[in-house]
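Working notes, structure below.
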Amino acid sequence: MRPCLLVLLLALPCRAAPQTAEGARQSLEQARAATTKGDYDVAIRSAREAAQFYRAAGDKAGEARAAYATGVAELYQARYPEALEHLQDALDLGKAIGDHEREIEALSNIASLHFLQARYLEALRAWRDGLSALDAAGDTPWAPRLRRILLTNMAALFQRVGQEEQALQIYADLRKTNESLAPNEQARLLSNLGVLYRRLDDPLKALETYRAAQRLLQNDQNKGALLVVLKNIGIVLALDLDNLREALQAFTAALDLSLKIGDRREAMQARLYRGETLFRQGNAAASAREFETALATARELNTTEEQWKALYGLGRLARAAGRDDEAVARFQEAIAAVESVRVRLQLTSLKTDFLADKRDVYDALLEILLQKGDGAAVFDLLERARARTFQDRLAMAPPSLPAIQARLDETSLLLEYWVGPHGGAVVWVTRTGSGLAPLPAMAGAPQRLAALLDGISAGRPDAWRPLADALGQELLAPALKAIPPGTRHVLVVPDGPLAQLPFEVLDAGGSLLVERFDVSYLPSAALLLREPPPRPMLRPPPWSPQLVAFADPRVHVATRGAARELGGPELESPLPASAEEARAIAAECEGRSRLHLGDDDLKKWLLESSRLPLLHLATHAVADTNNPERSRILFSPLRPEETADYLFLKEVYDLDLRGVDLTTLSACDTERGKLIRGEGAQGFGRALLSAGSRAAVTALWRVADAPARDFMRQFYFELRRGKTKAEALRMAKLRFLRSGTELSQPRFWAAFVLAGEGLTPIPRVVPWSTLLGAAGVLLLLATAASLWRHSRR
């Protein structure tokens, strides 16, 4: 919800309710027309006026229509709480009077509201309830239309969460009813199906489907839909099939059509596609003409996205021709265009474009700056290039090198990495110095990192140790040679595939890095500039709440509910040791703990929980490295008929964790996720920090239930001793490493990593022992004083 919009709406003058049924009907029609035109303030005001009359007249049917119109307008404004309230009113009224059409429309929009907030289970339930209501309504003229809408939306949901087979089945069922679909509706369905085939790595099937949509739209009045299909055809040909000749034909057809209908924006985009295709074909002169024309149009239309893409294309042409100064100027202008607007990252698992990614522009300029050896300039540009969505969420600006140095103490070393298309670099920073070292072998990093992680998971030193030693020499040696004595903390800002690497296992001059330093990870060095929360002058008493923990989720395997349709193998494995883990860490906490175990391990308690210093979740989690929308944390079901419940990754970003000093997600793979260039791994650690938690402990791979329990018990024991968060995690790892048992293998301890602020202890409370001891001392003093007074008498 956007507060300024809400305040503006509440400040609108409200006219009196219509005096007649005809006046109410006209207000309702005005609301619908205003919604169609996008004038949502007028729509809400008019619908409320109509609702006032219908409510006073006792006309529940009219009141239901007015509530529905209000909710739809609020939904378009992203005022989700108010929209849900009014749509629920429309649903309840529709049920009460037997208005099935209103009931089903309300359910459909309630589902859409949940979908937009990544509450996928709630959305699926509402759409299924709508289908059940349709079955109860019987044969009515409006039923086929609503059924298509419900099924199409459900297919989109299954696509979003990676359940492609279920989406394909729905599309197949919809195509069997082609007689009830207009040609443009059939074409849109085929276009969605083409996107799905691309996700399933079947470009030939995607191309065939797009071609079928093209034929349906050839004589249709909706030329905009045809332009989208033509571009998709060209993208499949260029990206997936490497058929640049036919891709150029498709983009040329899109250009001709856009010029014919006078759509300058589409023509500009078609020229960008043509320019990129010609560039890849080696036709520099023709490519430059297309990029220049597109740039001129983009400046006239003031469209930033197309401006930076055209500038990037021209910069690459200059770089290929050896004109580096011109290339630098083009790249800098492109970056200025990128940074002139702030666009929220939308989690997506499919790159539909084959033009540049924003990070490509930064990488191209970084390659030139690296040749000049300007460490400060490289650092500044790196921070501008990385984790910008994360920085936006925390309202941070990219920091300068001096600003970061001022935040480092004398015992800390910051390592900022860059992995580019042809190599890499590391910038090391201390409070008093900095340096830059190229890493030319980083081009092959993904394969070597994968081999290292495979070796660690196998548990054989001969499989992982040589790789870890070699990577340590490459990644750490250039910086460790220059660090001052007394350094104890290493802060790592990884890039690209390095986000999946536990640096603690790397060789750091004859010993593992974890044996010399504690390590914490940052999505961006800008996180160091976040102001710390105020610390209380006095410790709170021992009855103050300190920990809330969730563990041992219940899964009703026999039940086939919405969660089971969206779930996976995590539904088959119980976690009995997780409850023991929660009780053990609660015993290590000095303050009061609240445990939600078994059937009480409910998502709603997390959403409603207060801001306690420590949050701990010991459960199953799924990190989808292809589709971040499907990454999820398991909870016990809220409804008895459901299998389980989930908190999806996108929902984690919306949690309010301000005031939480440490969130520990003791679950498999929670630091993994889709690698998005310039943003990093879309894992739970990043989401928890974005939600306000000062620090987060997550896992890079699967760790067995019992070893995870023992590790967490040791970690919280060290925290209770007053160790900083990073040092406590290091001590727990060293205890495992030096155990002389199977637990010494890094597959049991190196998975757990700390992101965020790790150089302070957790907030402490006065323990009961101290309080009771003080009370005892006071009692002794009082007794002594009494005896002294008695002896005096």
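For the reader, a short list of remarks on this structure follows.
- Kirkwood radius for segment 579-661, taken over all pairs of different Cα atoms as the inverse mean of 1/r, rounds to 14.1 Å.
- The chain, relative contact order in percent, only Cα pairs under 8 angstrom and at least six apart counted: 8 percent
- Theoretical FRET efficiency, 1/(1+(r/R0)^6), r = Cβ-Cβ of Q88 and Q26, R0 25 Å, to 0.05: 0.45
- Once the convex hull of all Cα atoms in segment 80-198 is built, its volume per residue stands at 103 Å³.
- Relative contact order (%) - criterion: Cα under 8 Å, at least six apart; region: segment 34-121: 23 percent
- Separation between Cα centres of segment 236-292 and segment 630-659, rounded to whole Å: 44 Å
- J(HN,Hα) series, segment 496-510, from Karplus relation 6.51 cos²θ - 1.76 cosθ + 1.60, nearest Hz, glycine and proline x: x, x, 5, 5, 9, 9, x, 4, 4, 8, 7, 6, 10, x, x
- Altogether, the Stokes-Einstein calculation at 20 °C and 1.002 mPa s, with the Kirkwood radius of segment 414-546 over Cα pairs as Rh, returns a diffusion coefficient of 130 µm²/s.
- Gyration tensor analysis over the Cα atoms of segment 245-307 returns equivalent ellipsoid semi-axes of 18, 15, 8 Å (largest first, whole Å).
- Average accessible surface for the chain: 42 Å² per residue, computed with a 1.4 Å probe over protein heavy atoms with every protein chain in place.
- Rounded percent of accessible protein surface that carbon and sulfur make up, segment 388-530, 1.4 Å probe: 57 percent
- Portion, in percent, of the accessible area of segment 242-282 that falls on carbon or sulfur, probe 1.4 Å: 44 percent
- Relative pair counts by distance (%), Cα atoms of segment 180-260, 5 Å bins: 3, 18, 27, 24, 17, 8, 2, 0
- Percent carbon-and-sulfur accessible area, segment 106-162, ignoring ligands, DNA and RNA, probe 1.4 Å: 53 percent
- Expressed per residue, the C-alpha convex hull volume of segment 615-742 stands at 136 Å³.
- Residue-span extension gain [Q218 to A450] - 0.36 nm each, minus C-alpha spacing: 78.8 nm
- Calculated from the alpha-carbon coordinates, segment 280-335 shows an Rg and a Dmax of 10.8, 31 Å respectively.
- For T760, distant residues with modelled amide H under 5 Å away: K725, A726
- Among the listed pairs K604/K674; K358/K650; K37/K650; K372/K481, those beyond 25 Å (Cα-Cα): K604/K674; K37/K650
- 3J(HN,Hα) along segment 275-284, derived from phi through the Karplus expression 6.51 cos²θ - 1.76 cosθ + 1.60 where θ = phi - 60°, amounts to x, 5, 5, 5, 4, 6, 7, x, 8, 5 Hz, with x in place of Gly and Pro.
- Per-residue ellipticity at 222 nm from helix content only, as computed over the chain with -39500 (n - 2.57) for each DSSP H run of at least four residues, stands at -18000 deg cm²/dmol.
- The value given for segment 13-90 is a Kirkwood hydrodynamic radius of 11.8 Å, derived from the mean inverse Cα-Cα separation.
- Proximal lysines relative to K260, as straight alpha-carbon distance under 19 Å, when same-chain residues fewer than 8 apart are discounted: K223, K231
- D599-D392 pseudo-label distance in nm [points 7 Å out on the Cα-to-Cβ vector]: 4.5 nm
- When Rg and the Kirkwood radius Rh are both evaluated on Cα atoms of the chain, their ratio Rg/Rh stands at 1.01.
- Where a label projected 7 Å from the Cα of W142 along Cα→Cβ would reach, residues of segment 96-116 with amide N under 17 Å: 96-111
- Spin-label model distance (nm) - D656 vs A329, 7 Å beyond Cα toward Cβ: 5.2 nm
- Largest first, the residues F279, F717 sort by 1.4 Å accessible area into F717, F279.
- Ordered from longest to shortest, the equivalent ellipsoid semi-axes for segment 649-701 are 18, 13, 9 Å, each the square root of 5 times a Cα gyration tensor eigenvalue.
- Segment R738-R175, length gained on full extension (0.36 nm per residue, minus Cα span): 196.4 nm
- Beta bridges assigned by DSSP with both partners in the chain are antiparallel in approximately 45 percent of cases.
- Once the Kirkwood radius over Cα pairs is known for segment 468-547, the Stokes-Einstein relation at 20 °C and 1.002 mPa s delivers a diffusion coefficient of 140 µm²/s.
- Given the chain, longest segment not containing exposed loop GluC sites (Glu not before Pro) (DSSP; at most 13 other Cβ within 10 Å): 1-409
- Charge dipole (Cα centre; +1 on Lys/Arg Cβ, -1 on Asp/Glu Cβ; no other charges) of the chain amounts to roughly 1660 debye.
- Backbone phi angles across segment 70-78, fed through the Karplus curve with coefficients 6.51, -1.76 and 1.60 (θ = phi - 60°), yield HN-Hα couplings of 5, x, 5, 5, 5, 4, 5, 7, 6 Hz in residue order; Gly and Pro are listed as x.
The values are calculated or read from the model by the stated rules, or taken from the named source; none is laboratory data. Since the model is a prediction, treat every value here as computed from it, not as a measurement. Positions of Cβ are backbone-derived with ideal geometry, glycine not excepted, and every protein chain shown enters the neighbour counts. All accessible areas refer to the heavy atoms of the entire protein, side chains included, with ligands and DNA or RNA removed. Shrake-Rupley method; radii C 1.70, N 1.55, O 1.52, S 1.80 Å.
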